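**Q** Attaching a single structure in structure tokens format; questions to follow.
Please treat every number below as a calculation from the coordinates, not as lab data. Nothing here was measured: the structure is a model prediction, and the numbers come from that model. We place every Cβ from the backbone using ideal geometry, glycine too, and count neighbours over all the protein chains shown.
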Amino acid sequence: MTETHANAGHLRELISFRIGAQEFCVDIMAVREIRGWTAATALPQSPSFVCGVINLRGAVLPIVDLAARLGFESSETSERSVIIVCQIGEQVVGLLVDAVSDILSVTDDVIQATPDVGSDTAKTFVRGLLAIEGRMITMIGLERILPELDLEAA
Amino acid sequence: MDPLESIKETFFQECEEQLAELETGLLAMEEGDTDPETINAVFRAVHSIKGGAGAFSLEALIRFAHVFETAMDETRSGRLAASNEVVKIMLRAADVLADLVRAARDGGSVDEALTAALTEELKTLGPDGADEAGGEEDWGDFEFKPATVELDLPPAPTGWRVRFKPRADLYAKANEAAILLRELTRLGPAEIELDARELPALSDLDPEAAHLAWTVTLSGEADEAAIREVFEFVDGDCELEVTPIGGAAETAETTEDNGETFDIGALLAQVQADAAPQPAAAPEIPTTSPAAPAPAAAPSPDTSSPPDGQASARKPEAGATIRVDLERVDRLIDLVGELVINQAMLSQRVMEAGFARASGVAMGLDELEQLTREIQDSVMAIRAQPVKSVFQRMPRLVREVAAMTGKPVRLVTEGEGTEVDKTVIERLADPLTHMIRNAIDHGLENPDRRAEAGKAAEGVVRLSAAHRSGRIVIEVADDGGGINRERVKSIAVERGLIAADAPLSDEEIDNLIFMPGFSTASEVSDISGRGVGMDVVKRSIQALGGRINISSRPGKGSTFTMSLPLTLAVLDGMVVDVAGQTLVAPITAIVETLLPKASEVNSLGGNARVISIRGGYVPLIDVGLALGYRAEPLPPGQGVALLIEGEGGARAALLVDAIQGQRQVVIKSLEANYRQVPGVAAATILGDGRVALILDIDTIVAVSRGTETLRAAS
């Protein structure tokens, strides 16, 4: 099911997904594939939001628990958890989410600017808000999803 | 890339092959091989380098190659016996030639004095030193002048008539008649007549066929061999008659040419302008580069017959090998690595699904497994090269070090055909160089000391390679005095490397020389004492995933044994369990495994513990704790300890929960999609499809020593 809001401006497609009761979305162009959860191998000395690494057809893929990364409660992983495999620059990273819900086709004018909030996490990751059928969907920017060396202590 | 540059690159690659050939041949001659084919091979190698160098106007190289070739030719013709002294000069000349090739390629400089000295020495071997020296000024602009050679021959003819009729093959092989003719004109005043009688009308013309012939009347002192050498590279692809004029042998075989007489310049202009009789793909030949440089000096009657060996020796090479971009091979190796993992996963799944061993599915899978293994081996074999390429550099080194130390040395190499991954070979040269220097400088005694011990004056250094249980084993052995254990021990004590009363076995004493900061030579010598000790050798071997050992027998000599993996794409690992995680420890680092009893483990306070092993204490590192997989160390008496030897020979014991087994694993990068993780060298994928981390033992040991912390190490 695709909802189109063709008002004006650049049309873009987003993939929306759910973490707990919250809905988020990312640009579909960054998404390489979506796959089911497989147990990850824990990495020593890693931030809590890095679940570990899994084998993606021979490549070693780090998995980021998006809930923990965004400052929510860590996701409880289950067989129904989903990994969204994303291309971020040169690297490929898996995002752990609860479920993928929708593909949205929206124009830029539907995306509202992030209201001024005090949270650093929000400033780092939130790129905008969408109001669709009374639900709020938060658009996430992926550039800083992986830990940077200086952020590791956080 | 500029086409000429890429040709040049190929030329330098071929030069390396020729140099190798040259050295192999000369070494065989030194051993007493007098087979004309060996001597011819050596001559050809020098000649080919000279020819190629001529094409690129590498003058210093041509000049030296020319003098070398001249001397070689004396040997080839049998006028100069290939005595030991002569071959020794030639071996050194081969070294200089190699230097010149490398200087031409990399733009470096060469030892001018050495080159000049060798040039002089070679000239003394040549047919007539004085003549050669007199011709020197001509080499500046590279016009080869035929040298006057006094030979016991019938009165020389006053000139030659050369009838040259190319066949279509000559053009098909991208040769060019005009260039050959131009070469001929360099031998002396020439008159060239074109015989175009066979040229059909344009409507009937087959552009791929050859229709032209030439008759060249050459006056001057050029001899038949020189003329034939011009056509050496088109031998068999043309009809060639060389008949003397004015000499006794002149025959009345004058062709009734109705062709016109051409000025050579006009002829060249015409041949180049008139593309019709030429093959369409006639290459552009730089005007400065004669395809076959005219021979200059000392041609002998023996060379007058076209060298058969040349044609036959060159043929098998064509088509037998191809040059492939290394990246393509590496990509293939990556893919096969994934195939192997996938196949292992599939097998495991099928077993889990409860198929019987004898079921069709399981049997099909077995076959698949076999095939996969074979593919993997074959693909790895593409990257594999014989160690010959690095062994070949050693004879020269031995000559140099022998000359510097004044010790006569003979190098014996074995197993040069043993193959190993290209990367391993490349990184083997430095440690081998160092070990051989060491063997001659420190291992072998002086000649008088050898005489006292009743040994031959000439020391023997043996370099050998062999495959042994999936690894390559390389040995450097000398027949010197062996390690002076008393001295080694006293030095180690003096330098504070060991306690004065440390109880050490002979083997342990021998291995002290690998400790950083140890150097046995009392005075630092020019050869091996360059501030790098055997510890550097050991580290570079370990970096390759290898191990090095020494065994020594007093009075009999020492043997260094290196054992290296055949490839760097896979690793032999010990698969272990730590706090519920599966980890891989590189087997090369593991000395032994043991089950520590509670009584052998002592606490030094905090989490610092030591384990007693045969009376000594080594730090016991709980891997789960070090990597943060658990907060409390395993209680004493539980788990398995891996006794490991890290960088610089420091020993430690790594405590893990259990050992699963030994396995060959494919190395995968963590950095590609994530970043470096301290304490982890890389990752791999196990048969169940899960990622397992490969331990970086050196970092874990360094952390346990307190010299750094894992966080700081990041």
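**Q** Write out the GluC sites (Glu not before Pro) in the range A:24-119 meeting two conditions: DSSP loop, and at most 14 other Cβ atoms within 10 Å of their Cβ.
**A** Listed in order of number, the matching sites are A:73, A:76, A:79, A:90.
**Q** Could you size up the charge dipole of the range B:451-496 around its Cα centre, putting +1 on the beta carbon of Lys and Arg and -1 on that of Asp and Glu, and report it in debye to the nearest 20?
**A** 300 debye
**Q** Work out from phi, with θ = phi - 60° and the Karplus expression 6.51 cos²θ - 1.76 cosθ + 1.60, the ³J(HN,Hα) of each residue of the range B:621-632, listed in order in whole Hz, and give x for Gly and Pro.
**A** Per residue, the Karplus-derived 3J(HN,Hα) values read 10, 7, 5, x, 6, 4, 8, x, 7, 8, 8, 10 Hz.
**Q** Measure off 7 Å from each Cα along the Cα-to-Cβ vector at residue B:604 and residue A:109, then give the distance between these two points in nanometres to one decimal.
**A** Distance between label points: 7.3 nm.
**Q** From the gyration tensor of the Cα coordinates in the range B:326-385, what semi-axes in whole Å does the equivalent ellipsoid have, largest first, with each one equal to sqrt(5λ)?
**A** Whole-Å semi-axes of the equivalent ellipsoid: 28, 11, 6.
**Q** Here is a further query. Step through the table entries B:388/B:538; B:123/B:556; B:407/B:538, compare each Cα-Cα distance with 32 Å, and write down the pairs that go over it.
**A** Violating the 32 Å limit, Cα to Cα: B:123/B:556.
**Q** Take peptide A:33-45, look around each residue's Cβ out to 10 angstrom, count Cβ atoms belonging to other protein chains, and average those counts.
**A** Rounded to a whole number, the mean comes out at 5.
**Q** For a footprinting-style exposure proxy, rank B:241, B:374, B:645 by other Cβ within 10 Å, fewest first.
**A** B:374, B:241, B:645
**Q** Given H placed on each backbone N at 1.01 Å, which residues far from residue A:127 in sequence or on other chains put an amide H within less than 5 Å of it?
**A** So residue A:127 has HN proximity to A:139, A:140, A:141.
**Q** Sticking with this one: Counting other C-beta atoms within 10 Å, which of B:567, B:321 has the fewest, and how do the rest follow?
**A** Starting with the residue having the fewest Cβ neighbours, the order is B:321, B:567.
**Q** Here's something else I'd like to know. Show the residues, 5+ positions off or on another chain, whose built amide H is closer than 5 Å to the amide H of residue B:80.
**A** Amide H neighbours of residue B:80, under 5 Å, 5+ apart: B:75.
**Q** With 10 angstrom as the radius, rank B:68, B:164, B:514 by how many other C-beta atoms surround their C-beta, starting from the fewest.
**A** B:514, B:164, B:68
**Q** Another one. Taking amide H positions as placed in the peptide plane 1.01 Å from N, state which residues far from residue B:195 in sequence (5 or more) or on other chains have amide H under 5 Å from it.
**A** B:213, B:214, B:215
**Q** Put +1 on the Cβ of every Lys and Arg and -1 on every Asp and Glu Cβ in the range B:387-565; which of B:490, B:408, B:451 then has its Cα farthest towards the positive end of the dipole?
**A** B:408
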